[in-house]
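What follows draws every value from the coordinates through simple rules; no lab data is involved. None of these values were measured; they are calculated from a predicted model. Cβ coordinates were reconstructed from backbone atoms using ideal geometry, including for glycine residues, and neighbour counts include every protein chain displayed.
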Amino acid sequence: MTVAIYIRVSTDEQAEQGYSIDFQKEKLIHYCKSQGWDDYKLYIDDGYTGTNMDRPALKRMLRNIEDKKVTAVLVYKLDRLSRKQRDILELIEDKFESFGASFTSSVEKIDTSTAFGKAMLGVLAVFAQLDRDMIIERTTAGRRQRVSTGKWYGGRVPFGYNWNKELQLLEVIPEEARVIQEIYNLYLNGHSRLSIAEWAAPRAPSRTIDHAVVREILCRQIYTGNIGYVGNIYDGTHDAIITQDIWDAVQIEIEKRKEGMTPIGEYLLTGLLKCGVCGVNIVHVRRKSKHADKEYIYELYACKDQHVRPKERTKKEGCKMGYIRRDVVEKSVIDQIKAIAINPNRLLEKSKKKKSEIISFNEQYSLLTEQLKKVNTNLENLYDAIQNGDIKASAVSNRIKSLEEQRDILEEDIDDLIDVNPKKTDEKKTLIMFQQIGHAWDHFTEDEKKIAIRKLIKSISLVKGQPPQIEWLI
């Protein structure tokens, strides 16, 4: 019989109450020896609450149970497994026993290999749930009282703010606030969460910023000066970083992207344009001039880092791309679409570049999966070392947590890479679509043109004095 010793500790406070990793490990190994169980493996989740079922060691243990590498599970107390009655029963009945693994809790003396043990399991699971509900009730009441008066309810301090304990107030950190404002601006201008994270990471060295953090920043009401709690919005006592109008616009943009749509704005090419000199997004500029007592309005495109004030630039050195007339850019793009509709062979040349991008994707995918494999190997080695008694779990808990974070980031990066994978397209169908759009263009409404152009174009790079460089969706 191979026994899985499962250990969980959520906070330092629990460690002070006698639930430390080393304490549980010592007690459970002693229990195994008292039962004559010499073959055991350690599964340790350090820093995870009993309500969070997304725990790396727990998931690894479940995989090993399914693979018949483990035939019994041992915990110190029932609540080490979970504080939710439903989760406890589901784990034991659906995950453990269905694959032939028994369950034992050393303190409560539960052994599901006996009829009495199974009966006691249901009773104690109810008490674990009751204890959890009482904790939630006390915590929720306290938080509800705080948010009703506009105060932050606690937890990890949001990026962009500092917690003033004396004043009991969130205070804006100006440098981080500027990063947040630019994150919102970049997203509204068509940038992906991944590219925004790459831009923001070096500008916020005190925080880890990846695409998941960017998503959280874009969705948090707290940046509008409000506090969201259990579906309700309260006026906060802290200063806003983002206006409500900008936050609302971002939520609309998020929903559009869920539907697989490229951002569509007021102008034909909104969200598609980027500077060919420095790579920063393009902004629309309206200029007025007078000649012979007559006022003229010019609509232009410019690199954001050239047009805005220095403190609002993405790059300190700015950009010297220059200003380009909007009508000239749009006419050039439309002419290229119509030209391809007449002569499709021009587009087939472009598809050769796409094939090279597919090769590049395969290389990046192989690199990330190889890195993930190394991280998983390092984790397994640490788990084995703890199990063999070569090192104490507490001595390497930070290292394990760091590796688990690396693993999660790599898994997310792989998912993101797959999302933007330059998949092979059906060239024949694409060419037919180009011909249909090109020939019918002059009969489209403005909204139809915006939708059509996003079926053909991924991005457009602008350099003054040169025709727009189009990256086609083929």
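Which entries of Lys311/Lys455; Lys59/Lys455; Lys41/Lys374; Lys151/Lys256; Lys311/Lys338 have Cα-Cα distances beyond 30 Å here?
Checking Cα-Cα distances, Lys311/Lys455; Lys59/Lys455; Lys151/Lys256; Lys311/Lys338 exceed 30 Å.
Counting beta carbons within 10 Å around each of Lys392, Lys25 and listing the fewest first gives the order Lys392, Lys25. Exposure proxy for Met1, Met61: other Cβ atoms within 10 Å of each Cβ, ordered fewest to most, give Met1, Met61. Counting 0.36 nm for each residue step from Phe99 to Ser402 and taking away their Cα separation leaves a gain of 105.9 nm.
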